[in-house]
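Since the structure comes first, as structure tokens, the remarks are kept for the end.
Since every read-out is calculated from the coordinates, none of them should be taken as a lab result. Quick caveat: nothing in here was measured; it's all calculated off a predicted structure. As a convention, Cβ positions derive from the backbone with ideal geometry for all residues, glycine included, and neighbour counts pool all protein chains shown.
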Amino acid sequence: MRERQEYARRLEQRQGELQVREQRHLRLGNWRLVAAVWLAAGLFGAFKYEVWSPWWMALPALAFVWVGTRMQKAEEDRAHLRRAVSYYVRALARVDGDWAGKGESGARFLDEHHLYANDLDLFGTGSLFELLCNARTRVGEATLAGWLCGPAAGEVVRARQAAVEELALRLDLREDLAVLGETARGGLHAEALAQWGDGPVVLEVTAFRAVAWVLSVLGAVAVLAFVTYMISVLGLLPMSEPVRSVLRIYFLLMAMGLWGVLRHFRQRTDRVLHEAEAASHDLALLAGVLGRLEADRFAAPRLAELRATLDVEGAPPSRRMAQLNRLMELADSRDHQLMRLIGPALLWDLHLAYAMEDWRRKSGSHMRQWLEAVGEMEALSSLAGYRYENPESVYPELVEGASCFEGEALCHPLLARGGAVANDVRLGDQLRVMVVSGSNMSGKSTLLRTVGVSAVLAQAGSPVRARRLRMTPLCVGASIRLQDSLQAGESRFYAEILRLRQIVEAAGGGGTVLFLIDEMLHGTNSHDRRIGAEAIVRGLVKRGAMGFVTTHDLALSEIAGEMGMNVHFEDHLEDGRMRFDYRMRPGVVQKSNAIALMRSVGLEV
């Protein structure tokens with residue numbers, strides 16, 4: 001497989017580069033140790049035995065500092081290459097089908113009340129999100145999750161398809177986006193940061209800002225005056241009493257004046273700093289992503305549009321975001337013990353608040369569009385990775401007009417290539433319902449999930465595992481994986497009818513619903529199940545919906561009637577074990593495997 005060979009080649013290359021960086025880092029560490037020993041021995045000789053002047057130690061001191069800076073750069077290179085190695089290890093795991101549990105699960109996006117997210121394994125370990133996601137920032141993860149949880153319009157999907165196709169072959173760009181930053185994943189809270197950028201300026205610039213700088217200089221002098229005074233009091237510095245009095249009075253006067261200024265501005269400075277700190281995390285990562293995108297040009301219209309949003313007058317977004325990150329680092333320095341002591345004298349909080357408000361005034365209004373551009377680019381890059389790793393996949397054809405879902409050789413993307421069995425499905429104006437019968441484990445539920453996931457991927461802008469897929473815009477509604485709830489006091493049957501009500505309400509809200517209902521109403525008796533199932537399916541079709549219903553109760557096969565058709569999956573007993581071919585066939589299944597399965601596990605029936 002060409003894609004696997006390319007990944008393996010790049011992995012070997014990054015591992016070789018990492019080994020070189022490891023050796024360089026080790027050599028620099030040895031040289032720094034030599035410089036440290038040289039410096040320590042020289043200082044000992046200079047002060048203990050007065051063999052030479054301490055000024056001769058400037059050279060080893062400079063060598064120690066210089067080697068330290070080179071070590072820091074080598075460590076950054078080493079960390080970057082480690083992330084690149086991990087990136088290609090995970091990529092090869094996806095190609096080989098051994099990816100579950102090794103990526104970002106997206107479990108925080110799971111909503112039990114969503115119409116299909118839990119039923120179709122969109123989030124969690126071994127989920128569709130884990131298979132797709134290569135985003136580094138939370139805004140990128142949230143964008144991808146949003147695309148999976150809600151269909152996009154046809155023109156939006158087609159624009160994404162063109163963007164995905166271009167990015168699929170931009171391996172260097174996708175690698176760079178995936179390995180930026182210091183941590184495994186950014187903790188950036190996009191909406192909070194966007195709201196902060198859009199928020200009103202709290203601290204207006206007045207003439208007092210210039211006065212504040214003068215006071216800061218005088219405050220620094222006051223700190224020096226206090227230190228000098230204390231040294232004098234301890235007898236380490238000869239000083240007359242009048243001079244001491246002057247220092248003491250100057251310090252006290254400045255302390256009172258600065259305390260008054262801080263008290264006057266405290267409410268506003270605290271608000272500015274608190275809001276900024278609450279919203280701003282991992283800005284260095286965001287600046288890196290923006291910088292990488294600024295350096296590129298694209299042919300696909302949507303990619304070009306996203307890149308254009310980064311073209312603003314003045315400094316580029318990456319530099320502005322880096323400036324904000326430096327301000328936040330300075331704000332973090334307030335927690336240092338030294339800054340707790342001298343910060344008030346320098347009006348440190350006030351100057352930081354002024355600087356942050358300056359930044360917000362100049363760049364805050366652009367924050368939301370920059371975040372959206374980063375999120376969308378990362379989501380598109382994730383889909384592009386899936387496209388590259390599955391070259392046999394196809395882009396669905398989204399059409400307008402009479403609702404339809406026509407798939408040829410559909411396969412579930414979470415199944416291994418060698419183990420997935422393809423099936424054709426066709427729903428449309430004349431065929432609105434497929435009632436799927438079959439024995440346990442024969443493939444009924446997998447068929448529903450395959451159809452549902454294909455529709456979700458198609459309307460997110462991703463290719464799908466099929467030979468061909470043609471469909472109109474559809475809203476997926478699934479009732480496949482429902483459980484009872486002790487906390488809520490709900491039975492499985494009650495949870496199912498609540499979900500069915502959601503699907504029916506969605507069908508009446510405009511747009512065509514693709515319903516996927518597994519073992520419909522199996523928690524009640526046959527009589528009620530037959531009446532209820534037919535009424536619900538007829539109600540859905542009447543509202544323009546179409547879809548699939550699976551059942552073990554062959555009496556429900558009659559509800560297809562004029563609305564649709566019956567299909568089934570078969571099995572056979574071979575050497576005492578049940579065998580399945582997972583092929584969908586027309587008609588109603590003619591046998592059940594329940595008794596045979598019970599006997600195969602040793603039950604006497």
Grab the other residues whose beta carbon is less than 15 angstrom from that of residue 27, score K and R as +1, D and E as -1, and report the net. +3
Taking placed amide H atoms and a strict 5 Å upper bound, the residues 5 or more places from residue 409 or on another chain that come that close are 423, 424, 425, 467
Among 19, 47, 71 - extreme Cα towards positive end, dipole of the stretch 1-96, charges at beta-carbon: 19
The stretch 293-355, dipole about Cα centre (Lys/Arg Cβ +1, Asp/Glu Cβ -1), debye to the nearest 20: 40 debye
Give a residue-ordered list of calculated ³J(HN,Hα) values for the stretch 220-228 (Karplus: 6.51 cos²θ - 1.76 cosθ + 1.60, θ = phi - 60°; whole Hz; x for Gly, Pro). 4, 5, 4, 4, 4, 4, 5, 5, 4
Once Lys and Arg are counted +1 and Asp and Glu -1 for all other residues with Cβ under 12 Å from that of residue 407, the total becomes +1
Residue by residue through the stretch 289-294, which ³J(HN,Hα) values in whole Hz follow from phi under the Karplus form 6.51 cos²θ - 1.76 cosθ + 1.60 (θ = phi - 60°), with glycine and proline marked x? 5, 4, x, 5, 6, 5
Work out from phi, with θ = phi - 60° and the Karplus expression 6.51 cos²θ - 1.76 cosθ + 1.60, the ³J(HN,Hα) of each residue of the stretch 12-17, listed in order in whole Hz, and give x for Gly and Pro. 4, 5, 5, 5, x, 5
Centroid-to-centroid separation of the stretch 304-361 and the stretch 551-567 [C-alpha atoms, Å]: 65 Å
For 538, 158, which order do you get if you count the other beta carbons within 10 Å of each Cβ and list the fewest first? 538, 158
Towards the positive end of the charge dipole of the chain, with charges on Cβ (+1 Lys, Arg; -1 Asp, Glu), say which of 396, 381, 255 has the farthest Cα. 255
Theoretical FRET efficiency, 1/(1+(r/R0)^6), r = Cβ-Cβ of residue 36 and residue 361, R0 45 Å, to 0.05: 0.45
Multiply the residue separation of residue 210 and residue 111 by 0.36 nm, subtract the distance between their alpha-carbon atoms, and state the gained length in nm to one decimal. 30.4 nm
For residue 568, which sequence-distant residues (separation of 5 or more, or a different chain) have an amide H within less than 5 Å of its own amide H, given hydrogens modelled in the peptide plane? 437, 585, 587
Give, rounded to the nearest 20 debye, the magnitude of the charge dipole that the stretch 421-539 has about its Cα centre when Lys and Arg contribute +1 at Cβ and Asp and Glu contribute -1 at Cβ. 480 debye
Note the angle between two axes, namely the Cα long axis of helix 241-279 and the longest principal axis of the Cα atoms of the chain, as a number of degrees from 0 to 90, rounded to the nearest 10. 10 degrees
Quick check for me: using +1 on Lys/Arg Cβ and -1 on Asp/Glu Cβ, what's the dipole size of the stretch 360-453 about its Cα centre, in debye to the nearest 20? 600 debye
Quick one: work out the % antiparallel among DSSP beta bridges in the stretch 397-600, nearest 5. 40 percent
How large are Rg and Dmax for the stretch 190-382 when calculated on the C-alpha trace, in angstrom? 22.2, 78
Amide H neighbours of residue 477 at under 5 Å, excluding residues fewer than 5 places away on the same chain, with H built from the backbone geometry, are 514, 515, 516
FRET E, pair residue 526, residue 431, Förster distance 30 Å, beta-carbon r, rounded to 0.05: 0.70
Got a sec? How would 335, 121, 98 order by Cβ neighbour count within 10 Å, fewest to most? 335, 98, 121
Neighbourhood charge, 13 Å Cβ-Cβ cut-off, centred on residue 457 and excluding it, Lys, Arg +1 and Asp, Glu -1: +3
Give or take rounding to whole Å, what are the principal axis extents of the alpha carbon atoms in the chain, in descending order? 110, 56, 54
Extended-chain gain in nm, criterion 0.36 nm per residue less alpha-carbon gap, residue 79 and residue 294: 75.1 nm
Roughly what % antiparallel, to the nearest 5, for the DSSP beta bridges in the chain? 40 percent
